[in-house]
Protein chains: 4
Amino acid sequence: MKSPLNTTPPLPRARQSREERRQQILDATLRCVRRSGFHGASMADIAAEAKMSVGVIYRYFANKEAIIEAIVASDLAEMRAKFAEWDETPDDQLLDTLLNTIDFALDHKYGPDKSALALEVLAEAARNPRVAAIVQAADVQERELGRSLCDRLNPGCDRRRLDARGEIISMLFDGMMIRAITHPDIDREALANDLREVMQVLFIIK
Amino acid sequence: MKSPLNTTPPLPRARQSREERRQQILDATLRCVRRSGFHGASMADIAAEAKMSVGVIYRYFANKEAIIEAIVASDLAEMRAKFAEWDETPDDQLLDTLLNTIDFALDHKYGPDKSALALEVLAEAARNPRVAAIVQAADVQERELGRSLCDRLNPGCDRRRLDARGEIISMLFDGMMIRAITHPDIDREALANDLREVMQVLFIIK
Amino acid sequence: MKSPLNTTPPLPRARQSREERRQQILDATLRCVRRSGFHGASMADIAAEAKMSVGVIYRYFANKEAIIEAIVASDLAEMRAKFAEWDETPDDQLLDTLLNTIDFALDHKYGPDKSALALEVLAEAARNPRVAAIVQAADVQERELGRSLCDRLNPGCDRRRLDARGEIISMLFDGMMIRAITHPDIDREALANDLREVMQVLFIIK
Amino acid sequence: MKSPLNTTPPLPRARQSREERRQQILDATLRCVRRSGFHGASMADIAAEAKMSVGVIYRYFANKEAIIEAIVASDLAEMRAKFAEWDETPDDQLLDTLLNTIDFALDHKYGPDKSALALEVLAEAARNPRVAAIVQAADVQERELGRSLCDRLNPGCDRRRLDARGEIISMLFDGMMIRAITHPDIDREALANDLREVMQVLFIIK
DNA sequence: AATGAATGAGGTTTCATTCAT
DNA sequence: CATGAATGAAACCTCATTCAT
């Protein structure tokens, strides 16, 4: 012990922890990316937004791509959290819980920022294999979780049909993000009503 | 004044019309954008791909943004052509025709390039108001066409419900483009079967 | 024919040929490198020295390394030219010609710039495998030429000894470049006299 | 005197003396410079190699240049030690001792790292007057020592000739460092044999 | 009209140096 | 004294756009 008198942590620890600093950079990047896209957001922009110097960012991320990957990963983690929540719902409340998610999903996906980021990520994934790998790995997990939900709603159902139905449900939710761009001012109430009806049909196979 | 007085054409007249030239540039850009995205495609790339000099491109488009806008517009025009086709289908064949579109749609949307471009466009639209305007204007038209189709399948149905249902159908087709990225290797046959069932339900309200 | 009246070459050809432009860049780089070394010479410095913009340099060289390699290559080409000259000297004048080279070599190697560049190249070669390859490939040729000269002076001599002697002679001439740095103000006259004596011994084996 | 009043040593006293610390830094720098050259070795690299923080290095050296200068000086000191050794050799063993040095010199100069560093230093000296001054001051001393050796081998010889011969011998040894780069895979045995013969001639004037 | 060489601002990244802790 | 996070200038390189030919 260099100084046993010192009660504060031996390593003087920065004002902010390494993790906080990383998050600060990710938050700033998020704002920039929403404003200008991955390629439009320059490191200088990000640094300014995070109120840091350009150089310091490189102490926390190897390069710009690493920041992007971190954003993608954290964006996907959010969705996984949602699934975890459903996983703990009792069987008899599951269908209702899922149907009630519709309103939440609509608000979420039609939020202007949320979908913009997701589309940015997807466009990037369409070309950047590393991003594609992250996105697809996350989807594998989501499908697994989704399948177990579907299984509980349709006990004994053929797995092939289960998967196909899961895929269709995913299309619907993913499609919302595109509709949020192409038709931002829908009649959300009418849509919610109809969606609930349709979803009920989709969740119960046959 | 180009020189309307000049009756004899001393200049051997452009081998290609202005419109052909524009299209040639757009085609080249499309190939570049699919390969590297809007920002990854440089004017030099485009010029090389179009077998022109960079300078000449600026005689046909004010700047790179203008080319992008033109591409977006032409991409959307393609979809309008599809609707026009359906518009001419007799009532008694309409549902079948639409259901048969599913296979075509799957092949189309799950094609690697197609969705990449669309997502590129949508991500751009999420930020660039001019692109957003183009995309949304196209969607207004598509919805109009879609509504008339839906109306023929569900005579006398409330317009609000019609629109909501149209929205949901759009979500499904749009969602395919995202699924093409996140889950490119689906069991397309099982999916097509299930989709046909689901679509039948979606097309017929109530 | 775009303009049959135009007697000048059909391609309007830049004011300077591509080759001239390349040389202009190499010359500017040479001045910068002598002043500040390979790493000290920035692309901006080179551009300023060549009275060009930074960007144009990249139309002629892929990157800074390529410029360096070109400099290295041209530096080595110079030496090869010297050998070619000796190759055409008749047998009975060869020894005298070589001995007379000593004065030229001293002036050349002790010139302030010449050795600086060579050492820069060698230091780079000591670490950069691509540069090392260029330098060593050139040396293979030089040795071949040197061996044929040595062979003419020592007919029937064992090749192994021939090569060793050639190596020693190379050491002497290469060593001059280092001496030019560590002891720039030698008594060049006394040195030339002694060198002539020594060389005579070196050229004639045994 | 850090604190002569303080009889009890509350601060555990630096484990290493200031000089040891300096040497530690120089050693680390040496390893880094051999690996990547003066410009390639970053302060962070050096700190990591020396297992210190960057900050502490600045307590021992004003800046990076000062470290380099210290390295250059220490590199030259090594050679001086060699001369001192010879200085103590009795006259009747001197020539043999010197000739036996050849094998050592070959191993030393053809070592990959050694010459790389020396060339790095020389290239730097060719541009940086401060480094040039250090290198040249060291050479003055080496020449003095060399002259006294030559004098013992050639008693009563004219100083001008002595110096010239010394210069030529220096060229040979310095040249080895360049040959080590341009022709690293020589037939070292044949070379050693021939060198011994040649050296014998060089050491004895006339 | 067409060319493609030239421009130079702006992109990402590195690194010597400082200084609060 | 030691630390290592922070700074920000400067490095290399790219590219949309212009313009002399």
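Filtering segment A:103-144 to residues that are of a type in the set (Val, Ile, Thr) and crowded, with 19+ Cβ neighbours inside 10 Å leaves A:121, A:131, A:134, A:135.
Only a single item in (1) away from chain B (no Cβ under 14 Å); (2) within 15 Å of DNA strand F (Cβ to nearest atom) is not met by residue A:89, and it is number (2). Just one of the listed residues (C:89, C:101, C:97) is of a type in the set (Ser, Thr, Tyr) and not in a helix (DSSP H, G or I), and it is C:89.
For residue B:191, are the conditions met, namely being touching a helix residue (DSSP H, G or I) at 6+ places or on another chain (Cβ under 8 Å), modelled with pLDDT of 95 or more and either outside the structural domain of residue B:41 (by TED's automatic domain parsing) or acidic (Asp, Glu) (or both)? Spelling it out, residue B:191 is indeed touching a helix residue (DSSP H, G or I) at 6+ places or on another chain (Cβ under 8 Å), modelled with pLDDT of 95 or more and either outside the structural domain of residue B:41 (by TED's automatic domain parsing) or acidic (Asp, Glu) (or both).
Yes or no, residue by residue, for (1) at the interface with chain A (Cβ under 8 Å from one of its Cβ atoms); (2) crowded, with 20+ Cβ neighbours inside 10 Å; (3) touching a residue at least 40 places away in the same chain (Cβ under 8 Å):
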site: B:162; (1), (2), (3): no, yes, yes
site: B:167; (1), (2), (3): yes, yes, no
site: B:171; (1), (2), (3): yes, yes, no
site: B:185; (1), (2), (3): no, no, no
site: B:197; (1), (2), (3): no, no, no
site: B:205; (1), (2), (3): no, no, yes
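In segment B:101-122, the residues that are under 18 Å from residue B:139 (Cα atoms) and outside the structural domain of residue B:41 (by TED's automatic domain parsing) form Cβ pairs under 8 Å with partners that are modelled with pLDDT under 90 and open to solvent by 20 Å² or more (accessible area, probe 1.4 Å), at six or more places apart or across chains, as follows: B:117/B:34; B:117/B:75; B:118/B:75; B:121/B:75. Per the conditions (1) within 14 Å of chain B (Cβ to nearest Cβ); (2) surrounded by 15 or more Cβ atoms within 10 Å (Cβ to Cβ), the sole criterion not satisfied by residue A:94 is (1).
Residues in segment B:66-76 that are in contact with a helix residue (DSSP H, G or I) (Cβ under 8 Å, 6 or more places away or on another chain) and either of a type in the set (A, V, I, L, M, F, W, C) or open to solvent by 60 Å² or more (accessible area, probe 1.4 Å) (or both): B:67, B:68, B:70, B:71, B:72, B:73, B:76. When we screen D:128, D:154 for residues that are farther than 20 Å from residue C:175 by Cβ and at the interface with another protein chain (Cβ under 10 Å from one of its Cβ atoms), the only hit is D:128. The one condition from (1) out of contact with any Lys or Arg (no Cβ under 6 Å at 6 or more places or on another chain); (2) in contact (Cβ under 8 Å) with a residue 60 or more places away in the chain; (3) within 13 Å of DNA strand F (Cβ to nearest atom) that residue C:61 does not meet is (2). All of (1) closer than 17 Å to residue D:117 by Cβ; (2) within 9 Å of DNA strand F (Cβ to nearest atom) hold for residue D:69 with one exception: (2). Applying the criterion of being aliphatic (A, V, I, L, M) and at pLDDT 85 or above to the residues of segment D:1-36, the residue that is nearest to DNA strand E (Cβ to nearest atom) is D:33. Against the list (1) within 8 Å of chain D (Cβ to nearest Cβ); (2) open to solvent by 40 Å² or more (accessible area, probe 1.4 Å); (3) closer than 18 Å to residue C:96 by Cα, the condition residue C:147 fails is (1).
Of everything in segment B:37-70 that is under 26 Å from residue B:136 (Cβ atoms) and within 14 Å of chain A (Cβ to nearest Cβ), the residue that is farthest from DNA strand E (Cβ to nearest atom) is B:68. Being in contact (Cβ under 8 Å) with a residue 24 or more places away in the chain and within 23 Å of residue D:122 (Cβ to Cβ) is a property that residue C:130 has.
Just a yes or no: is a residue in segment C:50-58 buried (at least 18 other Cβ atoms within 10 Å of the Cβ), within 12 Å of DNA strand F (Cβ to nearest atom) and either among the small types (Gly, Ala, Ser) or at negative phi (or both)? The answer is yes; a qualifying residue exists.
The values are calculated or read from the model by the stated rules, or taken from the named source; none is laboratory data. Bear in mind the structure is a predicted one, so any value in this text is a computation, not a measurement. With ideal geometry, Cβ positions are generated from the backbone for all residues, glycine too; neighbour counts draw on all protein chains shown. Areas reflect the complete protein model, heavy atoms only, side chains present, ligands, DNA and RNA absent. Shrake-Rupley method; radii C 1.70, N 1.55, O 1.52, S 1.80 Å.
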